[in-house]
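First comes the structure, then the notes that go with it.
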Protein chains: 2
Amino acid sequence: MRTLNERSDVVPRIAEVFRELGYEGTSLSQIIERTGVGKGSLYHFFPGGKEEMAGAVLADVDAWFERHVFQPLQDEDSDRAIATMWDAVNSYFCSGGRICLVGAFALDETRNRFADVIAGYFRRWIQALTGALVRQGWDKAAAAATAEEIVLGIQGALILARALGDQAVFSRSMQRLQVRTRRSSHRR
Amino acid sequence: MRTLNERSDVVPRIAEVFRELGYEGTSLSQIIERTGVGKGSLYHFFPGGKEEMAGAVLADVDAWFERHVFQPLQDEDSDRAIATMWDAVNSYFCSGGRICLVGAFALDETRNRFADVIAGYFRRWIQALTGALVRQGWDKAAAAATAEEIVLGIQGALILARALGDQAVFSRSMQRLQVRTRRSSHRR
DNA sequence: TTTAGTTTGTACCCAACAGTATAGAAGAGC
DNA sequence: GCTCTTCTATACTGTTGGGTACAAACTAAA
């Protein structure tokens, strides 16, 4: 039986704290309180302190998307790939009840600490989605533009749903965006 | 000649600090340093401290949009109204170089402090834009859906532009969104 | 020029902050 | 059971956080 913590199962718990409070709004004491992991363990796993914790969290999120969204987008059959993405997005963001950590970090001064990871995450997403659309028969420019609009639309929907305190806004937006990735949408 | 400060000309300077650093990331010392206003003056104008400062900043932003975007949207001739909105949005957000304070506040725990103002800002914007589209001949449901997509698209574009460190993303997105508010777009 | 009201600088408060040191507990391999 | 490594709790440090107190400086109106 495993009673002690491992770094890998602490990361997602810390992620949730950063997601709710933001990088600057998250204090060590909050992390300790909400995760139940003591300060000793925390600094054992992350000698670099808060910044290293946030870095690990970002890397974890990035890896999750790489595995469940970006890779499928470039490997699977294009129809299936895009369907997988929409499923993943809907469940990951809990139908709008959860925000995008990477997007949140992009907005304030925190961006400068993690500029590369943040930019990489979005670039990769857009690139992978563009590829899937091209394989579906879209011309390259239209695919790139649409991919950008989809990714940006998801971020906007998360903001708006949270701002209005209404998850339905997110669901509605996902449906409208989803329609635009249908096989037929590139000829209109 | 005026050498002393007035509350009204201090607010926009504080706004810029909150915009760059976020609510939690902004410390009193940062405000003092970046605005050049001393702690004495600050607490004289805002006895409620940091929270009152942020409240004043939000009210100021809201008032600006009310005057330059929302009112025009519901008063002016619909074509003109929408054109005014796009001009205002482009210049206000400095072509993507500046983020939306209200959107940023919506993402973390800060939302809970200012939930009403934040929700009100977006509700009002969507409502005013919906009205203008209806006056342009759109049917009500389509107008509401499009207004939501436009507002959310602007927020998403701000996130993405900042995440990628590329203002061109914002300009591109604004052009694509703008096309959708053209008089002809509601019949496709 | 006095006076009343507004604005400002400075010194101070305590709580919370990130981070350190270290001793001890728990688990794995032998 | 012994030992080496990994993990954890606790007490402690210096710094910065938001906020207060108040006296001095400034301005406008009489």
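A short reminder: the numbers here are calculations on the coordinates, not readings from a lab. Bear in mind the structure is a predicted one, so any value in this text is a computation, not a measurement. Neighbour counts run over all protein chains shown; Cβ positions are idealised from the backbone, glycine included.
List of remarks:
- The protein assembly as shown - charge dipole about Cα centre, Lys and Arg +1 at Cβ, Asp and Glu -1, debye rounded to 20: 1040 debye
- Across chain A, the mean sequence separation of Cα contacts (distance under 8 Å, 6 or more residues apart), normalised by length, yields a relative contact order of 20 percent.
- Ranked from shortest, the separations from the 7 Å Cα-to-Cβ label point of B:GLY137 to its equivalents in the other copies are 3.2 nm.
- Sites A:SER29 and A:GLU109 - FRET efficiency at Förster radius 30 Å, r taken between beta-carbons, to 0.05: 0.90
- Potential lengthening of the chain between A:ARG182 and A:ALA142 amounts to 13.0 nm, from the contour at 0.36 nm per residue minus the alpha-carbon distance.
- Rounded to whole numbers, the Karplus 3J(HN,Hα) couplings from phi for the stretch B:121-134 are 4, 6, 4, 4, 4, 4, 5, 5, 5, 4, x, 4, 5, 4 Hz, using 6.51 cos²θ - 1.76 cosθ + 1.60 with θ = phi - 60°, and x at Gly and Pro.
- Backbone phi angles across the stretch A:88-102, fed through the Karplus curve with coefficients 6.51, -1.76 and 1.60 (θ = phi - 60°), yield HN-Hα couplings of 4, 4, 4, 6, 4, 8, 6, 6, x, x, 10, 9, 8, 4, 5 Hz in residue order; Gly and Pro are listed as x.
- Distance from the Cα centroid of the stretch B:1-46 to that of the stretch A:1-75 is 34 Å (rounded to whole angstrom).
- Prolate/oblate/rounded label for the protein assembly as shown (Cα gyration tensor, a/c 1.5): oblate
- Within a Gaussian network of chain B (alpha carbon springs, distance under 10 Å), most fluctuating of B:ALA144, B:ALA56, B:ALA115: B:ALA115
- Phi-based couplings in Hz for the stretch B:54-65 (Karplus 6.51, -1.76, 1.60; Gly and Pro marked x): 5, x, 5, 5, 4, 4, 5, 4, 4, 5, 4, 5
- Distance between the modelled labels on B:TYR92 and B:ASP166, one decimal in nanometres: 2.6 nm (7 Å Cα→Cβ projection).
- Between amide H atoms placed 1.01 Å from N, distances below 5 Å from B:VAL37 occur with no residue 5 or more places distant or on a separate chain.
- Rotational relation B to A, axis-closest Cβ in chain B, residue and distance rounded to whole Å: B:GLY156, 1
- Label distances, nm, A:GLU33 versus same residue in remaining copies, Cβ-directed 7 Å point: 2.7
- Residue among A:ILE159, A:SER173, A:LEU107 farthest towards the positive dipole end of the stretch A:95-188, charges placed on Cβ: A:SER173
- Distances in nm from B:GLY165 to the matching label points in the other copies, shortest first (labels 7 Å along Cα to Cβ): 3.8
- Contact order for the stretch A:4-92, expressed relative to its length and based on alpha carbon pairs under 8 Å spaced 6+ residues apart, stands at 23 percent.
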